[in-house]
Every structure is written in structure tokens, then in C-alpha cells.
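Working notes, beginning with the structure itself.
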Amino acid sequence: MIKLAIVGTGSMANNHALAFKAIKGVNLVACCDIIADVAKQFAKTHNIRSYYADFDKMLDMENLDAVSIVSSDKFHAELSLAAIRKGLHLFCEKPLATNPEDAWKMAKVAQKTKVINMVNFVYRRFPALQKARSLVEKGTLGDIRHIEAHYLQSWLTGKHWGDWKKTPAFLWRLSKNYDSSGALGDIGCHILDFVTFVAGDISKIYCQIKTFDKGVKTPYKGYSLDANDSANILAEFVNGAAGTINVSRWATGQMDSLFLQVHGTKGALKIDSDTGEDKLWLSVGENINVPKWEAVVCGKCATNYERFIKSIKTGNNDVPDFSVGARIQDYINACFKSDAQKKPLSIK
């Protein structure tokens, strides 16, 4: 039985609790939050035996095998490194850290100590994404030439997500004084992982970042509202392909949409979350001369939660591991620098 604790008991932690409790061989034995009452309520909701407000105390008191980090982004590195020192396997929410230096330190220490480590890029669960990677690896599309991708949300344009002006869970994401890296860090990390998992690593980035007026006087209820809302990325890939990657929270008419289209010398594929997680659109063979897209239903694949537990059981670290998270942090950092310097930057 794998004994696991959840650290940080906000809204996303509920997903972790439900997912891990559904996996055979996992025992969710403890949770921790800096606000004791929040941890206590979380423990009650998910029938967890012990709750703590002190992370170090939890590590000392509990005989754990693994920890799931769902805290604020700025604490990911500190908490993960403390858990690694105890020899615990680590499952960490994205982004892995708030800067590449911390992210790579986490990756290298985890690798050195040989603990299982994984960052939760949740859209790896898309069967269509896994199929797309397989097709590209097999050479079905030929040499990759062009990529288009976006992650679009619209919770700043209306109230179908809820009223952002009244919800701290939205407000902190808009504010640098709450250490938010904006849309680029929050959803940009997802689409950057989505793209590079299929199309390969990025070698050069040119990025424009925008923060728009929200129609209210700032600071607003203590929130600065100055984190970025949209980012437009021109990317050059190691394989020579060119691409555009866009993220925005001002995408009117788009609820929560991920899209990827990859064009090669022998054909193309696309994934559109609005049509389903398991559907891949493919244009190859004679279809590229029509042109015509055919839908491929891709079945099921494991979630990151399942991959993590399987990795612990087998001792073979599956992806996305911390090195993947650190690489994504490199891209995000390059985006911020490119926007500040108004020029393209190479990725080392």
C-alpha cells in the first residue's frame, strides 16, 4: 500500500484526492495546509485520517511514501526539496517552479536521489495527444514544417465561469502581488507542454505579452490585476519547424479550448478539445491532395495520477517528470525576457 499525503488543500487538491483515492493500492493518509481549519475540512471531506498546518511536522509524524504538492506556485520548490530529502516520491502541480533555476534544481536533485517525480500537466490524459505523438514519432507526417496551437479561455469576458470580480480564486491569478505569472504561466505552460510533447523541443522564441484594462480601479480588493492576460508566441523548433502558440483569457466565445495542428511533408493532424479529448483529426495519404480530414477515435489512456503510482510500483519514472517541467519553465522564462527585450531569444 502506497501511503500518500496532499500538501495544499485548495480547490485543485480535491481533484488530486479523488484521483488518488480511486487508484487501487493507494492510501491517502494525511493532508497539510498553512490554514489549519482548511486542512481539517479537507480531511473531513475526503475521509483523511490526519491533517496538519506544519509541513515539517507532517513529514516527521507520518510514515509516508509519496507527497502530492498542490500549494501556491512559489512554495513548490521549497516543499518538494524538503520531501525529497526525506526520500519521498513527488507529484507536483504545474508550473514546477517560478523560475528555471529552481525548476532545474528540483529536477536534478530528484534524479540524483532516484525518487519518482512527476509534474501534473493534466492534458497528457488526452488519448488524442498520445496518439499524435506516436504518429509523429513513426514518421506518419514526414518532416514537421508548421505548428499552430492555442489555449483560450474567456473568464475575463463574462460570467459563465463565475464572476472574477468577486472570486479570490480568479483574482490572485490576475495579480503579481500574489506571485501570479498570469495567463502565460498558468495556461501557457499547459499548451507549451501540449505542443512540445508532439512536435519536439523549441529552439527560439519571440513573444508578445499583453495585460488589458479590467474596467476597475486598481488595486482592486487588494489585488493588483497586473499579471498578463494574453501571450502570442512565435516559435522555432529544434527540428526546423515554425509555429505560433497563443494563450488568452479574453477569448470571447471560447470556454476552455486547447487546439493543436501539426503539418508535415506527408500530412497533418489536429486536436481540438472542443470536439473531445479522444478524437484526432488526420489528413494523410491521398487526403492531403483533396484536402480531407478524417476523425480517428483514440480510446483511453492513463492519467498522470495513474502514471505516477505505476512508476512508484515499477521503479520506472514515467513522464512528464521534473525535467519536462523545468524545460517548460525555460520556455516561459524566455517568453518574459523576449517580451521585455522586444526580440527573439534562443533557448539553451
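Structural remarks
- Highest mean packing comes first when the peptides 2-9, 236-243 are listed by Cβ atoms within 10 Å, giving 2-9, 236-243.
- In the context of the full set of protein chains, the chain has a per residue accessible area of 46 Å² (1.4 Å probe).
- Each of the peptides 83-94, 214-225, 333-344 was scored by the mean count of other Cβ atoms within 10 Å over its residues; in descending order, highest first, they stand as 83-94, 333-344, 214-225.
- Centroid-to-centroid separation of the stretch 86-159 and the stretch 1-39 [C-alpha atoms, Å]: 22 Å
- Relative to its residue count, the stretch 154-205 spans a Cα convex hull of 106 Å³ per residue.
- As computed over the chain, the Cα convex hull volume per residue (Å³): 142 Å³
- Normalising the average separation of contacting C-alpha pairs (under 8 angstrom, six or more residues apart) by the number of residues puts the relative contact order of the stretch 49-162 at 18 percent.
- Calculated mean residue ellipticity at 222 nm for the chain: -10000 deg cm²/dmol, from DSSP H runs with n ≥ 4 weighted as -39500 (n - 2.57), summed, divided by the residue count and rounded to 500.
- Working from Cα pairs under 8 Å separated by at least six residues, relative contact order for the stretch 219-348 is 11 percent.
- Close amide H partners of Gly142, meaning residues 5 or more places away or on another chain with modelled amide H under 5 Å apart, are Lys266.
- Taking the 1.4 Å solvent-accessible surface of the chain as the whole, the part contributed by carbon and sulfur is 50%.
- Pairs from the table (Lys57/Lys112; Lys44/Lys108; Lys40/Lys114; Lys86/Lys279) lying more than 30 angstrom apart at Cα are Lys44/Lys108; Lys40/Lys114; Lys86/Lys279.
- For a 4.7 Å threshold on C-beta separation, the list of partnerless cysteines in the chain reads Cys31, Cys32, Cys92, Cys189, Cys298, Cys301.
- Relative to its Kirkwood radius, the Cα radius of gyration of the stretch 1-136 gives an Rg/Rh of 0.98.
- Across Lys94/Lys337; Lys21/Lys94; Lys310/Lys348; Lys74/Lys270; Lys105/Lys204, pairs whose alpha-carbon gap is larger than 30 Å: Lys310/Lys348; Lys74/Lys270
The values are calculated or read from the model by the stated rules, or taken from the named source; none is laboratory data. Keep in mind it's a predicted model, so treat the numbers as computed, not measured. Virtual Cβ from ideal backbone geometry, glycine too; neighbours counted across all protein chains shown. Accessible surface areas use protein heavy atoms only, side chains included; no ligands, DNA or RNA. Shrake-Rupley method; radii C 1.70, N 1.55, O 1.52, S 1.80 Å.
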